[in-house]
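What follows is one structure encoded as structure tokens, with my remarks underneath.
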Amino acid sequence: MAAAMAWLRGRAWGPVRRCRLAGGRSYSGGSAYPSVSLTCPLPGVPKAVFAAAEGQERFETRVTVLENGLRVASQNKFGQFCTVGVLVNSGSRHEAKYLSGISHFLEKLAFSSTAQFGSKDEILLTLEKHGGICDCQASRDTIMYAVSAEARGLDTVVNLLADVALRPRLSDEEIEMTRAAVRFELEDLNMRPDPEPLLTEMIHAAAYRNNTVGLNRFCPVENTDKIGREVLHSYLRNYYTPDRMVLAGVGIEHEQLVECARKHLLGVEPAWGSSQAREVDRSVAQYTGGIVKVEKDMSDVSLGPTPIPELTHIMIGLESCSFLEEDFIPFAVLNMMMGGGGSFSAGGPGKGMFTRLYLNVLNRHHWMYNATSYHHSYEDTGLLCIHASADPKQVREMVEIITREFILMAGAVGEVELERAKTQLKSMLMMNLESRPVIFEDVGRQVLATNTRKLPHELCDLISQVKSADIKRVVTKMLHKKPAVAALGDLTDLPTYEHIQAALSSRDGRLPRVYRLFR
């Protein structure tokens with residue numbers, strides 16, 4: 001190393017010391033530099049070729065519809081790895097005529113044995129040859145099978161995805177293992193210190209009582225033994241049809257993906273037969289509002305040297321809009337403006353310390369443990385919620401603070417506050433879309449819902465156009481709806497649903513006074 005550094009010093013700096021800097025420049029040998037202007041091409045030197053963008057079309061999402069109705073969507077991205085997957089317009093919202101929990105079962109059964117692959121291990125070994133990993137996620141409206149692997153293995157990956165989605169074996173042993181996995185997950189869900197997944201289920205059940213997105217995403221314990229191969233095949237026959245699917249890919253050439261789709265997904269006989277779908281649920285979400293309460297002892301949720309104190313969790317939500325409507329962007333900005341988080345969050349740049357739920361709630365009320373805004377959006381509805389948690393003795397005060405924040409949303413929005421929320425939303429959007437799996441999910445979900453995709457720069461333009469009047473308009477419309485309330489923990493001091501509704505209909509968001517003769 002020392003010798004190399006000495007060589008560099010001698011070579012790099014030696015000639016400079018020997019140059020004559022005054023009265024004309026010269027080489028170390030004494031001959032003079034040629035007098036050449038740097039603005040003219042150098043004689044005998046080839047013309048420089050500069051790197052340039054290959055055109056906007058190179059980065060647009062391309063969509064092709066096959067003869068059977070399957071959509072193939074791709075997005076080019078530099079790199080030797082790609083993410084490819086199948087998205088199905090199917091989920092817990094379509095289970096009204098079936099046993100609740102089928103989508104949860106299908107998520108756990110994914111990437112098990114198929115017609116071509118004898119076991120899950122065989123699938124994983126096949127992917128390992130191409131440095132691949134696989135995953136399946138089921139939500140209320142989409143089931144997604146995805147693989148990230150080396151782009152050279154695209155044909156193998158698409159073949160595997162086609163087999164996993166359309167020709168799973170669903171053996172008795174696999175179904176029994178899935179039952180055990182589902183039971184364990186349900187048990188774990190009730191024991192977690194963070195109740196956010198449970199509250200999300202409860203707020204959807206309250207907002208859309210017994211319909212579409214209000215149906216349970218997790219399989220109820222009593223249904224685990226009832227779901228078998230026949231039930232699953234009955235569901236798959238109706239919802240796993242080509243016209244309800246998108247094959248999406250990021251990091252590969254579109255023509256290559258279409259060729260693989262034609263080879264492996266065109267004319268394939270699924271495991272449940274080729275009969276046509278007969279009972280597809282096309283119900284539109286009906287927002288009902290309401291309350292779901294679960295009395296639960298939260299005192300021993302997190303034991304140990306630093307236990308979490310006993311808390312009561314409240315989530316209050318109002319209907320917003322679907323992601324297909326123009327008001328979706330103002331609602332996204334509003335959600336970012338509300339922000340929030342935990343009282344023990346580390347903070348720092350981009351952590352939302354200037355959002356309303358930090359400034360107006362967590363910074364002013366030290367006893368509040370959490371205050372966070374969430375926005376859930378679907379193709380026909382949406383839900384804007386605020387989740388808060390505090391000591392059970394201060395539940396009433398906590399609810400009043402949240403209802404006041406909802407009312408204040410319709411008030412004046414400062415220019416600085418609005419610009420900060422818009423900038424933060426654009427920053428979060430662009431940072432997330434640097435990740436290949438996130439781009440894949442964005443491409444797949446948008447094409448599944450709209451047959452096209454809005455590019456990031458288009459979304460940023462829409463965000464920039466949001467005005468304070470837009471925020472006020474969407475909030476005023478939202479406040480005319482009945483609230484949805486989810487409550488978990490010690491609910492002794494929880495206000496009645498009617499009182500919460502009255503607070504959200506008032507000018508200041510205050511709860512009606514309650515006079516008690518005895519305490």
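For region 149-158, just list the computed ³J(HN,Hα) in residue order, Karplus coefficients 6.51, -1.76 and 1.60, θ = phi - 60°, integers in Hz, with x standing in for Gly and Pro.
Whole-Hz 3J(HN,Hα) from phi for region 149-158: 7, 5, 4, 5, x, 4, 4, 4, 5, 5.
To the nearest Å, what is the center-to-center distance of region 101-172 and region 428-496, using C-alpha atoms only?
Here the two parts' Cα centres lie 30 Å apart.
Run the numbers on the chain and let me know its relative contact order in percent, using alpha-carbon pairs under 8 Å that are six or more apart.
18
What order, most packed first, do the peptides 429-438, 233-242 have when packing is the mean number of other Cβ atoms within 10 Å of each residue?
233-242, 429-438
What does the net charge come to around Tyr145 if you take all other residues with beta carbon closer than 14 Å to its beta carbon, with K and R at +1 and D and E at -1?
So the surrounding residues net to +1.
Angle check, please: helix 254-265 long axis (alpha carbons) against the longest principal axis of the chain (alpha carbons), in degrees 0 to 90, nearest 10.
Result, in degrees: 50.
Could you pull out every residue, at least 5 positions away or on a different chain, whose amide H is within less than 5 Å of the one on Lys77? Hs are placed 1.01 Å off N in the peptide plane, and Pro or chain starts have none.
Gly251, Ile252
Could you work out the relative contact order of region 290-505? I mean the mean sequence separation of Cα pairs under 8 Å and 6+ apart, divided by the number of residues, in percent.
After rounding, I find 35 percent.
With Cβ to Cβ distances under 12 Å as the rule, what net charge do the other residues near Arg183 carry (K, R +1; D, E -1)?
Every neighbour counted, the sum reads -4.
Around Glu60, which amide H atoms from residues at least 5 apart in sequence, or from another chain, sit under 5 Å from its own amide H, with H modelled in the peptide plane?
Residues meeting the criterion, in which the H sits 1.01 Å from N, do not exist here.
Roughly how many Å² is the accessible area per residue of region 202-279, as a whole number, for a 1.4 Å probe?
About 43 Å² of surface per residue is accessible.
Which entry in (i) 155; (ii) 186; (iii) 254 matches volume of the Cα convex hull per residue in Å³ derived from the coordinates of this structure?
Correct label is (iii).
Could you go through region 409-419 in sequence order and give the Karplus-derived ³J(HN,Hα) for each residue, using 6.51 cos²θ - 1.76 cosθ + 1.60 with θ = phi - 60°, rounded to whole Hz, and x for Gly and Pro?
Coupling constants for region 409-419: 4, 7, x, 5, 10, x, 4, 5, 4, 5, 5 Hz.
Amide H to amide H under 5 Å from Ile143: which residues, 5+ apart in sequence or cross-chain, H placed 1.01 Å off N in plane?
Amide H to amide H, under 5 Å and 5 or more residues apart or across chains, Ile143 pairs with Val88, Ser90.
Using r as the Cβ-Cβ distance of Glu295 and Val438, and R0 as 41 Å, what FRET efficiency do you calculate, to the nearest 0.05?
Between Glu295 and Val438 the formula returns 0.60.
Once label points are set 7 Å from the Cα along Cα→Cβ at both Val284 and Ala96, what is their separation, rounded to one decimal in nm?
Output for this residue pair reads 1.3 nm.
Using the alpha-carbon atoms, what tilt in degrees (0 to 90, nearest 10) does helix 2-18 show relative to the longest principal axis of the chain?
60
Give, as a single signed number, the net charge of other residues whose beta carbon lies under 15 Å from the beta carbon of Asn451, with Lys and Arg counted +1 and Asp and Glu -1.
+2
With charges only on Cβ, +1 for K and R and -1 for D and E, what is the dipole size of the chain about its Cα centre, in debye, rounded to 20?
2120
Please calculate how many Å² of accessible area region 290-505 carries per residue, with a 1.4 Å probe and no DNA, RNA or ligand atoms counted.
45
Roughly speaking, to the nearest percent, how much of the chain's 1.4 Å accessible area is carbon and sulfur?
The C+S portion of the solvent-accessible surface of the chain is 55 percent.
If you plug each phi of region 426-439 into the Karplus form 6.51 cos²θ - 1.76 cosθ + 1.60 with θ = phi - 60°, what whole-Hz ³J(HN,Hα) values come out, in order, with x for Gly and Pro?
For region 426-439, the Karplus curve yields 5, 4, 5, 4, 5, 5, 5, 7, 7, 8, 4, x, 5, 4 Hz.
The values are calculated or read from the model by the stated rules, or taken from the named source; none is laboratory data. All values reported here derive from a predicted model rather than from experimental measurement. Virtual Cβ from ideal backbone geometry, glycine too; neighbours counted across all protein chains shown. Ligands, DNA and RNA are excluded from the accessible area calculation, which covers all protein heavy atoms including side chains. Shrake-Rupley method; radii C 1.70, N 1.55, O 1.52, S 1.80 Å.
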